[in-house]
1. For the stretch 139-233, with every protein chain kept in place, what is the accessible area per residue (1.4 Å probe, Å²)?
2. Within the set of other residues whose C-beta is less than 10 Å from the C-beta of residue 192, count the net charge using Lys and Arg as +1 and Asp and Glu as -1.
3. Quick one: Kirkwood hydrodynamic radius for the stretch 99-144, alpha-carbon pairs, angstrom, one decimal?
4. Would you please give the residues with an amide H less than 5 Å from that of residue 36, counting only those at least 5 places away or on a separate chain, with H modeled from the backbone geometry?
5. Per-residue ellipticity at 222 nm for the chain, helices alone: DSSP H runs ≥ 4 residues times -39500 (n - 2.57), over residue total, nearest 500 deg cm²/dmol?
6. With N residues in the chain, what two-decimal value do you get for its Cα radius of gyration over 2.2 N^0.38 Å?
7. Could you run the Karplus curve 6.51 cos²θ - 1.76 cosθ + 1.60 with θ = phi - 60° over the stretch 210-218 and give me ³J(HN,Hα) per residue in whole Hz, x for Gly and Pro?
8. Lysine pairs in the stretch 1-139 8 or more apart or on different chains: how many have alpha carbons under 12 angstrom apart?
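The values are calculated or read from the model by the stated rules, or taken from the named source; none is laboratory data. Small disclaimer: the values here were computed from a predicted structure and weren't measured. Neighbour counts are summed over all protein chains in view; Cβ atoms, including those assigned to glycine, are modelled from backbone coordinates with ideal geometry. To get the accessible areas, we keep the full protein, side chains included, count just its heavy atoms, and leave off ligands, DNA and RNA. Shrake-Rupley method; radii C 1.70, N 1.55, O 1.52, S 1.80 Å.
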Amino acid sequence: MYDKHLSKYAVIGDPIMQSMSPDIHNACFEQMGIDAEYEAVHVRKDDLEQKVKALIEAGCKGFNVTIPHKLDIINLLDEIDPFAEAIGAVNTVIVEGSKLKGYNTDGPGFYQSLLEIHPLNLKESNILVIGAGGAARAIVKAFLLNGIEQVTITNRTVEKAVELLEGDNGQALPLEEAAARLDRYDIAINTTPIGMVQNINETPISLNNLESHTVLVDIIYNPLMTKFLKAGLEKGCTVQNGVPMFIHQAALSFELWTGRKPDLSLMKRTVEQKLGGK
Ligand code: ATR
């Protein structure tokens, strides 16, 4: 039975059972004494409207949106935050009565996670983004929003990298060219799925020209150490996996819903414990 005193939150997606969002949000609700519950809800593409309606009727106050609904959810919103609109994707929804307002915390979450390891001179840094899909788009838009226009995007399909730049001042390169000049970058960010279980022994770009001054960031957090990051460690590079981005996007969603800042270290511990520790 639904308890009307309990605030209800959710993440919707397909697949969804592997999601760690319930673990981290529920850990924070408990620690902060907030009477709320966050659950994973399996929602297929053709079921989106009906399932969202059901969530609203059940008194859900907010939900995260993940693959494959980040674009389609926009059609169901009453309002969209300008940054989410610029990205063209929504991962966080606030429910107010029957009204839905959409946000994107993936891009800002990534940016905050990068500040943890590279806090000073991002504007003067040579930044390489590998991949040109939805995740890359959120990241590049977050850079732009923070005044960082000079990014290089490299992708298997170089046309998609060109599209992502949209006439901004960055540069699009084929993978081989970016690999050939890898030593020129201060930061290289993998936004592709290469390194996850399906292709765990691959790297998204050849690392022959990697040097120790380049910071490597992977948005993958399962596994915690991709081949890309392991190779970076071997070369003496600073590396960061996808856990900080994941928890920062979650923390920003949490704040949008509750107006309170959650404990990032509790979120981090929860994820790392679940993924087998580090
Ligand atoms: P997301 O929305 O999660 O970013 P996506 O839109 O499917 O996912 O984008 C995945 C990115 O990884 C794309 O840049 C894709 O390259 P293409 O644009 O050429 O498809 C890249 N990618 C995925 N699998 C790849 C592979 N095996 N080799 C190289 N690039 C790959």
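1. Working: 4520 Å² over 95 residues.
Using a 1.4 Å probe on heavy atoms only, each residue of the stretch 139-233 averages 48 Å².
2. Numbers: positive: 156; negative: 202, 218.
Spelling it out: positives minus negatives among the neighbours equals -1.
3. Values: mean 1/r = 0.0853 Å⁻¹.
For the stretch 99-144, the Kirkwood estimate is 11.7 Å.
4. Under 5 Å from the amide H of residue 36: 7.
5. Numbers: 10 runs with 102 residues, N = 278.
Helices in the chain give a 222 nm mean residue ellipticity of -11000 deg cm²/dmol.
6. Against the compact-globule rule of thumb, the ratio is 1.01.
7. Going residue by residue, I get 6, 10, 5, 7, 7, 7, 9, 10, 10 Hz, with x marking Gly and Pro.
8. Working: 4/61; 8/61; 45/70; 53/99; 61/99; 61/101.
Count of close lysine pairs: 6.
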